[in-house]
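Asks: Pasting a structure below so you can have a look.
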Amino acid sequence: MDARFDLFGNEIAAKFAKRFANAGLVIQQSPLPKSTQELVSLRASQINGCGWCIDMHTKEAAAAGETAVRLNLVAAWREATVFTEAEQAALALAEEGTRLADADLGVSDETWAQVRKHYDDDQIAALVALVALINAANRLAVIVHQKGGSYEPGMFAAFT
């Protein structure tokens with residue numbers, strides 16, 4: 001199935017995309033480690049079934065030096081030995097923040113305590129904003145059936 005709508009070819013959608021990318025730039029320039037940013041984005045995108053975002057974040061992470069082993073294990077991070085405790089806390093936050101409807105309290109106190117243990121306030125601000133932003137991006141792409149497979153690393157640098 002082709003995309004239902006060209007989010008990159010419509011004037012209003014293009015204006016929104018530019019502002020959306022600028023919001024993402026705040027997170028990219030934050031002290032949250034780049035590898036954590038990509039792992040969190042990838043995990044939320046897997047949960048949401050967003051092929052476009054999975055494609056993008058897998059390729060961006062690989063281009064930044066992330067290993068195939070770690071990328072292949074993101075979906076099963078709890079059953080893997082290749083992620084640090086800090087990354088595990090971020091991945092748990094990504095999952096719980098993505099699956100809000102599945103839990104009465106959203107993000108658990110246990111997960112929040114692990115995040116607080118491993119990240120400072122600036123990193124937490126970026127992490128929370130990232131979870132919100134990637135979930136919004138997933139919804140945009142899934143709604144219009146934006147397919148994965150054609151993304152090239154650095155492709156959106158012109159949007160910022």
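Asks: Could you tell me, in Å, what Rg and Dmax come out for the Cα atoms of the stretch 1-88?
Replies: Rg, Dmax (Cα atoms, Å): 14.9, 46.
Asks: In the stretch 40-137, if the dipole is taken from +1 on Lys/Arg beta carbons and -1 on Asp/Glu beta carbons about the Cα centre, which of Ala86, Ala129, Ala44 is farthest to the positive end?
Replies: Ala44
Asks: Work the Kirkwood hydrodynamic radius out for the stretch 21-147: mean of 1/r over every pair of different alpha-carbon atoms, inverted, in Å.
Replies: Here the Kirkwood hydrodynamic radius works out to 14.6 Å.
Asks: Averaged per residue, what accessible surface does the chain expose to a 1.4 Å probe, in Å²? Provide the component values of the computation, followed by the final result.
Replies: Working: 8800 Å² over 160 residues.
With all protein chains present, the chain gives 55 Å² per residue.
Asks: Moving on to the next point. Heavy atoms only, probe 1.4 Å: what % of the accessible area of the chain goes to carbon and sulfur, would you let me know? Present the calculation step by step, with values, prior to reporting the outcome.
Replies: On the way: 5060 of 8800 Å².
Carbon-and-sulfur percentage of accessible area, whole number: 57.
Asks: Which whole-number percent is the relative contact order of the stretch 1-66 (Cα, under 8 Å, 6+ apart)? Display every interim value, and only then the final one.
Replies: Working: 25 pairs, mean separation 14.6, N = 66.
Relative contact order comes out at 22 percent.
Asks: How many lysine pairs does the chain hold where the Cα atoms are under 28 Å apart and the two sit 8 or more places apart or on different chains?
Replies: Step by step, the pairs that qualify in the chain add up to 10.
Asks: Now for a separate question. Could you give the dipole magnitude of the stretch 1-146 about its Cα centre, charging the beta-carbon of Lys and Arg +1 and that of Asp and Glu -1, in debye to the nearest 20? Walk me through the intermediate numbers first.
Replies: Details: 13 positive and 19 negative charges, 83 e Å.
Magnitude of the dipole: close to 400 debye.
Asks: Across 10 Å bins from 0, what is the distribution of all Cα-Cα pair distances for the stretch 88-160, in whole percents?
Replies: That works out to 17, 40, 29, 14, 0, in percent per bin.
Asks: Also: Please work out the C-alpha center-to-center distance from the stretch 11-28 to the stretch 91-160 and express it in whole Å.
Replies: Between the Cα centres of the stretch 11-28 and the stretch 91-160 lies a distance of 16 Å.
The values are calculated or read from the model by the stated rules, or taken from the named source; none is laboratory data. In this text, all values refer to a predicted model and were calculated from it rather than measured experimentally. All Cβ positions, glycine included, derive from the backbone under ideal geometry; neighbour counts span all protein chains shown. What goes into the accessible areas is simple: the full protein's heavy atoms, side chains included, and nothing from ligands, DNA or RNA. Shrake-Rupley method; radii C 1.70, N 1.55, O 1.52, S 1.80 Å.
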